[in-house]
Amino acid sequence: MSEAGGGRGFGYSVPQRAPWSLVAATAALCLVSATSVWTAGASPMSREEKQKLGNQVLEMFDHAYGNYMEHAYPADELMPLTCRGRVRGQEPSRGDVDDALGKFSLTLIDSLDTLVVLNKTKEFEDAVRKVLRDVNLDNDVVVSVFETNIRVLGGLLGGHSLAIMLKEKGEYMQWYNDELLQMAKQLGYKLLPAFNTTSGLPYPRINLKFGIRKPEARTGTETDTCTACAGTLILEFAALSRFTGATIFEEYARKALDFLWEKRQRSSNLVGVTINIHTGDWVRKDSGVGAGIDSYYEYLLKAYVLLGDDSFLERFNTHYDAIMRYISQPPLLLDVHIHKPMLNARTWMDALLAFFPGLQVLKGDIRPAIETHEMLYQVIKKHNFLPEAFTTDFRVHWAQHPLRPEFAESTYFLYKATGDPYYLEVGKTLIENLNKYARVPCGFAAMKDVRTGSHEDRMDSFFLAEMFKYLYLLFADKEDVIFDIEDYIFTTEAHLLPLWLSTTNQRISKKNTTSEYTELDDSNFDWTCPNTQILFPNDPLYAQSIREPLKNVVDKSCPRGIIRVREESFRSGAKPPLRARDFMATNPEHLEILKKMGVSLIHLKDGRVQLVQHAIQAASSIDAEDGLRFMQEMIELSSQQQKEQQLPPRAVQIVSHPFFGRVVLTAGPAQFGLDLSKHKETRGFVASSKPYNGCSELTNPEAVMGKIALIQRGQCMFAEKARNIQNAGAIGGIVIDDNEGSSSDTAPLFQMAGDGKDTDDITIPMLFLFSKEGSIILDAIREYEEVEVLLSDKAKDRDPEMENEEQPSSENDSQNQSAEQIASGSQEVDLVGQESPEESSLNSHPESLSPADTDNAASISPSEQNSNPTENHETTSLDDECTDLDNQLQEQSETEEDSNPNVSWGKKVQPIDSILADWNEDIEAFEMMEKDEL
Ligand code: DMJ
């Protein structure tokens, strides 16, 4: 114990019930770098290389921030493809995502403390002046309380924390007089009406100008919120209270946390994903560590670190114990039901859980952190980025990736904990992938589909708030940062709050905190950080030895095996409930179970069966709950099967000057013509067809001959358009939507169906673009006349050397993605029979689009049952099952390797000056396009 205050490192115990200040300081020591203890394993990275990578991060930040400031500010976010600001109300609504945008220059505020971490003090000073001069917090706009708290309140407080630090140093910010803090306080008061519920849980949304109650507010009727939304306030609110002395903020945040703690499921000690803010009933009873819950756990542990209040650590430890007991199946983290925690609620994981290894480092549980991180890294190596969701057998479930920072965050914390240079190499890969696949002339664009490499026109503010901080700090030595980072704690948005707040203004009344902690048996609680002095010097290959057995976990997974281990536990006791994947409509025992669960089975005329559940018809409430879970599983399974039968999206990549492959548009495939997933890509200059709708013989065949014809959607069948342009000599076609403003950002992607007749005569590839994506090509033609594109199943590496270079013939067949699913965010419980994909494609509309992303349904045809080759129901031989699966996955992985289309187009190394000149040219080009109101 005596060492506790005496030095830094992992070898120090946190004394039980220590005074707050000491607890805060020593708990924070869990994060202190162990770099000095590394002695073997991956090759160490030289100081020069680390500096080079650090400089690369700085350059990337400049590219992102510079483009935001130049082309988007004062808008909330940059739209990096169209190179302009995203102003809410002026763009098609994206639903909940837009609730982060409050017309308060979100990206600027979220970037404030990043500027200081990255040593851009002068720019920070300018940015603070701009915030004070331009930002208005009184807009008539409905925003998310959670997002506004973590990004804006957190951003202002992080900015204030570093502003006063700089002022004290005596060089910069000498004029600063707590103005950011005053703004933070103003915003804090604006958020308080959200807490006006009997439970103390905040409403999810608030109108910045009108609050909740007034009719003009357009909010306040919501009944549910997510657990993370209500439980991720304490750091910012307590900091605001302690900086200002106004205790109300900390009190409100504590009350919300107290309520969530009260409502935890008492036997499992887990919390659900969504909760009713009035009754406190769990609305969604599934529980994991990712979306909807993630930062609730994070804030319990960090509240203990920042505030030194033991009750937060006790709560965290109780939940952590439950997480490790039920959710953690190393290296996986799988959602379960709070009432039946031995039952998995899903067969996929979401990308947000990638923060968890970082939190485990803070908690001091290094081994599972290393394991999960390694698994995630392998998924990234397979897809270049972490898809928003991926299955337990590591296939893509939701294909987008909005440049989330969680994995970089965990990489940074693991490096700090282990000092293993392996994590520097991981960071290097992240940097390379960002530059290779997400960098566009006007910033960095989110990935719309990690499989095709297509982009989305968004660059979220968290990319600047978090990604660049963690990547920069990963490669930074102490002297590369102008202040001591270990004096601060990172909020969930990576904003920095000083640890000295633990001893400031501690006047918070404890009346709201529960007194029941004493009931808990905390004798097993871990009050100490792991002692890396013991862990690493004795076994310098510690981290590597944990990673080693997992090194092929993604390519050679036996996912069912992992899940079955859990099911084994039922063998000794009660019979496990019927799982959707095992269900057979011909099995009388299964039909009996269905009946008990209140599920009826209807045989449709076309041979499909439809399942309908009436909970009141179930034998008991437990059976009813089982029935509900069964139905959810069936919907998911059915949707997965439908998706697997459909074609994945395609990519249109603009490869000519000044794009050089950096702009990738998401395109819908056709159910006829050349299949781009089986043949090499098609490349050519584009030309508009005449007539533009392509519904009759072309009058300009000389213009489209040997080119990719652009045709407008409408007035005749897609197949007819294809035949007309093919007869005119076109080598491919792009159909552009005639619905003005449509975009793949807001509309589900479609496949172009045939005309119900034989379409074998169509041999050219055909792709579909929504109007917004199509107009990017049309505007490029206006600007540059000669526009060359590549039609493919997956974007190819871009390289500035493309200019004047022949296209190297890619011998690579495209990646076979048939086993992968198309992104879907839909969770509809629609049990009414749906058209099968075949039926959709044969309907009699003049143009039929069959959705590539259909709603979920629980209608299945008997022949579809158990059609998933990875499912081998009722098998007695787990080994056989694993072997089959291993072979399949091995084959798949070999195919992918053989056919990896990511061949670099340019081999020469381009000098940095020339690259920068190219970028400048690109930026100018985009400025011009912006003027043309692209
Ligand atoms: C960030 O805004 C925060 O990290 C939040 O807690 C959840 N994730 C996003 C970025 O992915």
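May I ask you to list the lysines whose Cα is less than 22 Å away from that of Lys757, ignoring any residue fewer than eight positions away on the same chain?
Lys721
As a quick test, which of the pairs Lys448/Lys690; Lys209/Lys285; Lys120/Lys428 have an alpha carbon distance above 24 angstrom in this structure? Working shown, then result.
Values: Lys448/Lys690 32 Å; Lys209/Lys285 34 Å; Lys120/Lys428 22 Å.
Flagged as over cut-off: Lys448/Lys690; Lys209/Lys285.
Amide H to amide H, which residues 5 or more places from Gln329 or on other chains are under 5 Å from it, using H placed in the peptide plane?
So Gln329 has HN proximity to Leu334.
So who's got an amide H within less than 5 Å of the one on Asn196, skipping anything under 5 residues away but keeping other chains? H placed 1.01 Å off N, in plane.
Amide H to amide H, under 5 Å and 5 or more residues apart or across chains, Asn196 pairs with Tyr203.
Please turn the phi angles of the range 316-332 into ³J(HN,Hα) values with the Karplus equation 6.51 cos²θ - 1.76 cosθ + 1.60 (θ = phi - 60°), one per residue in order, whole Hz, x for glycine and proline.
Working through the residues one at a time gives 4, 4, 5, 5, 4, 4, 5, 4, 6, 6, 10, 8, 6, 10, x, x, 8 Hz.
Residue by residue through the range 657-673, which ³J(HN,Hα) values in whole Hz follow from phi under the Karplus form 6.51 cos²θ - 1.76 cosθ + 1.60 (θ = phi - 60°), with glycine and proline marked x?
Coupling constants for the range 657-673: 4, x, 8, 6, x, 7, 9, 10, 9, 7, 10, x, x, 10, 7, 9, x Hz.
If each residue's Cβ is checked for other Cβ atoms within 10 Å, how do Lys167, Lys448 rank with the fewest at the top? Kindly include the intermediate steps, with their values, before the conclusion.
Details: Lys167 16, Lys448 26.
With the fewest neighbours first, Lys167, Lys448 line up as Lys167, Lys448.
Which ordering of His160, His278, His319 is given by a fewest-first count of other beta-carbon atoms within 10 Å? Provide the component values of the computation, followed by the final result.
On the way: His160 26, His278 13, His319 23.
So the residues, fewest neighbours to most, are His278, His319, His160.
Based on other C-beta atoms within 10 Å, arrange Ile725, Ile635 from fewest to most. Walk me through the intermediate numbers first.
On the way: Ile725 28, Ile635 23.
So the ranking, lowest neighbour count to highest, is Ile635, Ile725.
Each residue of the range 267-276 in turn: what ³J(HN,Hα) in whole Hz from Karplus with 6.51, -1.76, 1.60 and θ = phi - 60°, glycine and Pro shown as x?
7, 9, 6, 10, 10, x, 7, 10, 9, 6
Past 22 Å, Cα to Cα, is the threshold; run Lys122/Lys169; Lys382/Lys796; Lys680/Lys707; Lys52/Lys167 against it and keep the listed order. If you can, show how the numbers build up before the last one.
Details: Lys122/Lys169 14 Å; Lys382/Lys796 15 Å; Lys680/Lys707 16 Å; Lys52/Lys167 30 Å.
As for pairs spanning more than 22 Å Cα to Cα, those are Lys52/Lys167.
Only the coordinates and a few stated rules stand behind these numbers; no lab work does. In this text the structure is predicted, and so the values were computed from the model without any measurement. Reconstructed Cβ throughout: ideal geometry from the backbone, glycine too, with neighbour counts over all protein chains shown.
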